[in-house]
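S.K.: My structure is below; once you've seen it, I'll send some questions.
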Amino acid sequence: MTRLVGKRVLRNEDMRLLTGRALFVDDVNLPGMLHVAFVRSDHAHARLRQVDVERALKRPGVVAVYTANDLGDYWRRGPLLVSPPPIKGMVFREATQVPLAKDKIRHLGEPIAMVVAESRYIAEDAVGDVVVDFEPLPAVTDFVSALRRDAPRIHEQFDSNLAAHVVQAKGNYAKAAAKAHKIISRELRYDRGIAGAIENRSVVADWNAATEELTIWDTTQAPIPIRNGLAGMLGLPESQVRVVAPFVGGGFGPKIMMFYPEEVLVPWAALRLGRPVKWTEDRRENFTATTQERGQVHNAEIALAKNGRILGVKDVFFHDVGAYDTYGLTIPINSQCTLLGQYDIANYSSEFTAVFTNKPIVTPVRGAGRQHGVFVIERLLDLGARELGIDRVEIRRRNFIGAGDFPYDNEIIFQDFQPLVYDSGDYEPALKQAAELIGYEKFVRDEQPRLRAQGKHVGLGIVSYIEGTGIGPYEGARVRVEPGGRVVLATGVGTQGQGHFTTFAQIVAEQLGVDVSDVQVVTGDTREFHWGTGTFASRGAVVAGSACHAAAEKVREKAIALAAELLQVRPGKLVVERGRIFVKDSPSSGFTLGELARKANPLRGAVKPGTEPGLEATAYFGPSRGSTASGVHAMIVEVDKETANVAIKRYVVVHDCGVQLNPMIVEGQIQGGVAHGIGNAFYEQLIFDEGGQLLNASLMDYLLPTALDVPKVEMGHLETPSPLNPTGAKGVGEAGAIPTGALFAQAVEDALQGTGVEILEIPLSPNRLFELIQEGGVAKPVAPPSQNGARTLTVKGSFDFDARVESVYEALLDPAILASAMPGSQRLDRIAPDRYHGIMKVGLGPVSAAEFSLGVAIQDAEPNAGYRMAVDARGSLGFVVGSATVQLAPRSGGGTTMRYNADLHVGGTIAAVGQRLLDSAGRVMSAQGLKALNRQLKRRLDGDGA
């Protein structure tokens, strides 16, 4: 057999793409076509009192205007796309999107009415004719404060904005932490961004009354589920609905979201009006109408032995689902699982709370939550290496899962409902190769000191990651040899640039002994193939590719059996090569595949019972669980301290995606993923104000990396074949994007050694990095952009308690006692083991007392010795944000001495009292609070021998 899998075959599809002959949905133009524009909400949260469309209907060229009331029984909530896995004790509240808003608006850009007109220009003008009467409501944009009892409720059927609560654990973290030499904790943030596909979403629908067939062209990553769902909604048999997903200019996850309002309404309008109907999203709509990703806040800690071995990890995080949780819990569960990385972590405690907010819906975007998990564990390891004085490469190596430990069971549940089991891998060689390619030892020993002596701020980062890929349930493929000898392959998955036309052709061509160019590939057309799931989660090559392999293998077997019968030889004596089947050592004997296809389809005569006509076969493949790809990224950066500009000098990726079906395509996927990852790390961040308005909804304001910002990636490859599929492949589509944020943070920190900068948030925009450099220290909570004139309040000193260190430490973490030390505290509740939320009232000088929402997080806790406390208080009169360190030590003669140092930023109206009054008030309030705390301690400890 001539090997084609693993060869660097040029992409079959590129000629059509480069010459403009590829079909995209917006290229579809049909006679009599109507065009759609949507009336969308300018508010993030509002009651919908009335929608007046009369003026719009009178505009010449307008054919129809539809509101929610016009839809009748067709108005219904969309389906839950992904049910949560069966995790014990899980809480999940389902609230899915609607086609048009009725009664209430829940996010900016939510559609209210659909205008259908003879042209898009007329439709857009008519949108301005529609009058909407809103009753604005307070918006929920901070997903931590969204859980306050008095927070506005987004979905009235629930008693709060809680969308889900999930706990997964293995081992016993508390016991592991008690044995730790060092416990390091941090709050880490990963903010929202868009997918930024070059092609926005588009839908065209055409009802053919003569054939009674509805054809829909859709920029979807899941044409078959779209067909099935829309047929059910419209009351049509699936055989009467054809969905075509032609070439799609980038999917990246949001196009796997199904039954978007536009996707549901355009086919309905085509049926109702009897004419083709088209809608194409503009770029402004894309910022609010298409789903987004990546809003999470993690409070994580790692327990380390003195030698750097991980004893355990604890992570408590919040996840923003947006206004609706249509996509279930895929993203936060990916975060929860991916945090474990390549490391042997025996004790793990993970808890997340998913929250509804008045922001657009969250669904996967390239990486689908994996970035968050990698960012958390890699940052914790960086901090651990620094504090323990261990090399950052070495601390990772010491904690890797061994090559002989696969399959490795992580003992928690993954998004595919199966235990998180790594199928294969070998992590240490990848780390070694990446370090060698980037020149790690030489850079640290020679280059970095030399360049620093010249005044240059250069740094290196190196991180590892895993990527869960190739999940089920299944995909299928049909392979047919035509009488002319050409091979036709059809599969249900769509393609968005992954090279399916080439990779799938290679798999089939190898089995049938033909050239890759002789295989015609058809994807994304439900008329050509009827069953499948879609292109997502780096599964196309793994799952659909395995189905292609199985179908081609069946055709090969049929062809060999027929040739053996015709040639009167045993099948084992036959060779399949160059489109022919012949007897070994006798190439002139035998038949072409085309000849065998004709002979397998006789027009007259009898055939043996059970004979199948033609050389054709259909096969399906479904893995028992996902396959786990892995890798190591390394980069060198130079930071300009004056401008906070970061130049990426070199970027290295060593990746293991199992057997590479086509190394050229693998490299293209990685290069594109790195570009996406760099954008997520340093450029792309959606900025919402407190009212839920998006402040940078254009490509003039939302930064995307350009070709000048993305370096050529130097690559190395390892192959540990997956035992879960016949090709041995693992997915690669998201590998370039997953670890980039963590890598960028480490490299920039390394470049800024000595400045005290600690990066705990991504994206890290140039503006934000500049602020951190100016602060010259650990990242502090950022005041809202609209609030200026912040003042600094520093409070430090010591206090003696009449109790043992152990009792004082325990009491300081008790919310009831802690509240007594905070003047004005009305309530303080523990919402996580190391997080508190409450209400306080503070007045200062001429500023009368006002209510503040108070958040407190305990970090870097060292039992009975001290901790760092982050404080974030915000209210109508301003904010107080910052951190305090607390150190405890036994006092000679009994009791405990506490030393404290608080560095706070005060802004808004409350800061207007002036620096002198602030400093005085700080000293008085801290003294009052500490005396109150001591009294509380005495009352509690009376009689216990403290």
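S.K.: In whole Å, what are the Cα extents of the range 38-116 along the three principal axes, biggest one first?
M.R.: 58, 24, 16
S.K.: With n ≥ 4 as the cut-off for DSSP H runs, can you work out [θ] at 222 nm for the chain, using -39500 (n - 2.57) per run divided by the number of residues, rounded to the nearest 500? Can you show the working numbers first?
M.R.: Working: 21 runs with 236 residues, N = 946.
After summing the helix terms and dividing by the residues of the chain, the value is -7500 deg cm²/dmol.
S.K.: Return one quarter of the surface area of the convex hull spanned by the alpha-carbon atoms of the range 295-398, equal to its mean projected area, in nm². Please list the in-between numbers first.
M.R.: Working: hull surface 26.1 nm².
For the range 295-398, the mean projected area of the Cα convex hull comes to 6.5 nm².
S.K.: At q = 0.15, 0.19, 0.20, 0.22 Å⁻¹, what is the log10 ratio I(q)/I(0) for the range 514-634, with the Debye formula run over Cα points and no solvent?
M.R.: Each listed q corresponds, in turn, to -0.85, -1.11, -1.17, -1.29.
S.K.: Still on this structure, I have one more. Based on the alpha-carbon gyration tensor of the range 120-173 and its eigenvalue square roots a ≥ b ≥ c, which shape applies: rounded if a/c is under 1.5, prolate if not and a/b is larger than b/c, or oblate?
M.R.: Details: a/c = 4.22, a/b = 2.30, b/c = 1.83.
Since a/c reaches 1.5 and a/b is larger than b/c, the shape of the range 120-173 is classed as prolate.
S.K.: Something else now. For residue 792 and residue 403, what is the calculated FRET efficiency with R₀ set at 41 Å and r taken between the beta-carbons, to the nearest 0.05?
M.R.: 0.20
S.K.: Something else now. Working from Cα positions, state the angle (0 to 90°, nearest 10) between the long axis of helix 545-567 and the longest principal axis of the chain.
M.R.: Once rounded, the angle reads 20 degrees.
S.K.: So, one more: Please compute the per residue accessible area over the range 78-182 with all protein chains in place, 1.4 Å probe, rounded to a whole number of Å². Could the numbers behind the result be given before it?
M.R.: Working: 4650 Å² over 105 residues.
That works out to 44 Å² for each residue.
S.K.: Continuing with the same structure: To the nearest 10 square angstrom, what accessible area does residue 899 show with a 1.4 Å probe?
M.R.: Answer for residue 899: close to 130 Å² accessible.
S.K.: As an exercise, take the mean of 1/r over every pair of distinct alpha carbons in the range 93-196, invert it, and state the Kirkwood radius in angstroms. The partial results should precede the final answer.
M.R.: Working: mean 1/r = 0.0525 Å⁻¹.
So the Kirkwood estimate lands at 19.0 Å.
S.K.: Please say if the range 1-140 is rounded, prolate or oblate, where rounded means a/c under 1.5 for a ≥ b ≥ c the square roots of the C-alpha gyration tensor eigenvalues, and otherwise the choice is prolate for a/b larger than b/c and oblate otherwise? Before the final figure, lay out each step's value.
M.R.: On the way: a/c = 2.94, a/b = 1.31, b/c = 2.24.
Because a/c hits 1.5 or more and a/b fails to exceed b/c, the range 1-140 counts as oblate.
S.K.: Now for a separate question. Over the range 465-516, with the other protein chains present, what is the accessible area per residue in square angstrom, probe 1.4 angstrom?
M.R.: Values: 990 Å² over 52 residues.
Here the residues of the range 465-516 average 19 Å² of exposed surface.
S.K.: Ok, one more. Considering only Cα-Cα distances, which of the following residue pairs are longer than 19 Å: 182/442; 104/359; 179/314; 573/608; 255/278? Before the final figure, lay out each step's value.
M.R.: Details: 182/442 30 Å; 104/359 14 Å; 179/314 15 Å; 573/608 23 Å; 255/278 17 Å.
As for pairs spanning more than 19 Å Cα to Cα, those are 182/442; 573/608.
S.K.: While we're looking at this one, here's another question. How many times 2.2 N^0.38 Å is the alpha carbon radius of gyration of the range 443-489? Write out the running numbers ahead of the final one.
M.R.: Values: Rg = 26.8 Å, N = 47, 2.2 N^0.38 = 9.5 Å.
Output field value: 2.83.
S.K.: Pairing the Cα long axis of helix 766-775 with the longest principal axis of the chain, what angle in degrees results, from 0 to 90 and rounded to the nearest 10?
M.R.: Tilt of helix 766-775: around 20 degrees.
S.K.: Would you mind working out the accessible area per residue for the range 219-368, using a 1.4 Å probe, and quoting it in Å²? Mind showing how you got there, number by number?
M.R.: Details: 2750 Å² over 150 residues.
Each residue of the range 219-368 exposes 18 Å² on average to a 1.4 Å probe.
S.K.: Okay, next question. Give, rounded to the nearest 20 debye, the magnitude of the charge dipole that the chain has about its Cα centre when Lys and Arg contribute +1 at Cβ and Asp and Glu contribute -1 at Cβ. Display every interim value, and only then the final one.
M.R.: Details: 101 positive and 108 negative charges, 217 e Å.
In debye, rounded to 20, the chain gives about 1040.
S.K.: Using Cα atoms only, what is the angle between the long axis of helix 740-751 and the major principal axis of the chain, expressed in degrees (0 to 90) to the nearest 10?
M.R.: It works out to around 50 degrees.
S.K.: log10 I(q)/I(0), Debye, Cα-only the range 619-660, no solvent, q = 0.15, 0.20, 0.32, 0.33 Å⁻¹?
M.R.: -0.61, -0.76, -1.06, -1.08
S.K.: Right, here's the next one. Report which label in (i) 13, 41, 33, 11, 2, 0; (ii) 12, 32, 27, 17, 10, 2, 0; (iii) 11, 30, 25, 20, 11, 2, 0 holds the value of P(r) over Cα pairs in 20 Å bins from 0, in percent derived from the coordinates of this structure.
M.R.: Here P(r) over Cα pairs in 20 Å bins from 0, in percent agrees with entry (i).
S.K.: Computed FRET efficiency, Cβ-Cβ of residue 10 and residue 174, R0 60 Å: what is it to the nearest 0.05?
M.R.: Working: r = 57 Å, r/R0 = 0.95.
Efficiency computed from Cβ-Cβ geometry: 0.60.
S.K.: May I have the extent of the alpha carbons of the range 373-462 along their three principal axes, as whole Å values ordered from largest to smallest?
M.R.: Principal axes ranked by extent give 54, 23, 23 Å for the Cα atoms.
S.K.: Using only the heavy atoms of the protein chains and a 1.4 Å probe, how would 905, 676 rank by accessible area, largest first?
M.R.: Values: 905 50, 676 15 Å².
Ranking 905, 676 by accessible area, largest first, yields 905, 676.
S.K.: Once you treat every alpha carbon in the range 654-766 as an equal point and sum by Debye, what is log10 I(q)/I(0) at q = 0.12, 0.18, 0.19 Å⁻¹?
M.R.: After summing over all Cα pairs, the log10 values are -0.57, -0.97, -1.02.
S.K.: The range 193-252: which GluC sites (Glu not before Pro) are DSSP loop and have at most 12 other beta-carbon atoms within 10 angstrom?
M.R.: The qualifying sites are 212.
S.K.: Now for a different question. Once Rh is set to the Kirkwood radius over Cα pairs, what Stokes-Einstein translational diffusion coefficient, in µm²/s, holds for the range 686-733 at a temperature of 4 °C and a viscosity of 1.567 mPa s? Mind showing how you got there, number by number?
M.R.: On the way: Rh = 15.6 Å.
My calculation gives 83 µm²/s for D.
S.K.: At 7 Å along the Cα-to-beta-carbon direction for both residue 442 and residue 90, put a label point, then send me their distance in nm to one decimal.
M.R.: Result for the modelled spin labels: 5.0 nm.
S.K.: Could the peptides 167-175, 620-628 be put in order, highest first, of the mean number of other beta-carbon atoms found within 10 Å of their residues? Don't skip to the end; give the middle numbers.
M.R.: Numbers: 167-175: 16.3, 620-628: 21.6.
Descending mean neighbour count gives 620-628, 167-175.
S.K.: Expressed as a whole percentage, what fraction of the accessible surface of the chain belongs to carbon and sulfur atoms when a 1.4 Å probe is rolled over the protein heavy atoms? Can you show the working numbers first?
M.R.: Working: 18300 of 36220 Å².
That fraction is 51 percent.
S.K.: Using the Karplus equation 6.51 cos²θ - 1.76 cosθ + 1.60 (θ = phi - 60°), what ³J(HN,Hα) coupling, rounded to whole Hz, does each residue of the range 98-115 give in order, writing x for Gly and Pro?
M.R.: Taking θ as phi minus 60°, the curve returns 10, x, 9, 4, 9, 6, 8, 9, 10, 7, 4, x, 5, x, 10, 8, 10, 9 Hz for the range 98-115.
The values are calculated or read from the model by the stated rules, or taken from the named source; none is laboratory data. Everything quoted here is computed from the prediction, not taken from an experiment. Reconstructed Cβ throughout: ideal geometry from the backbone, glycine too, with neighbour counts over all protein chains shown. Areas reflect the complete protein model, heavy atoms only, side chains present, ligands, DNA and RNA absent. Shrake-Rupley method; radii C 1.70, N 1.55, O 1.52, S 1.80 Å.
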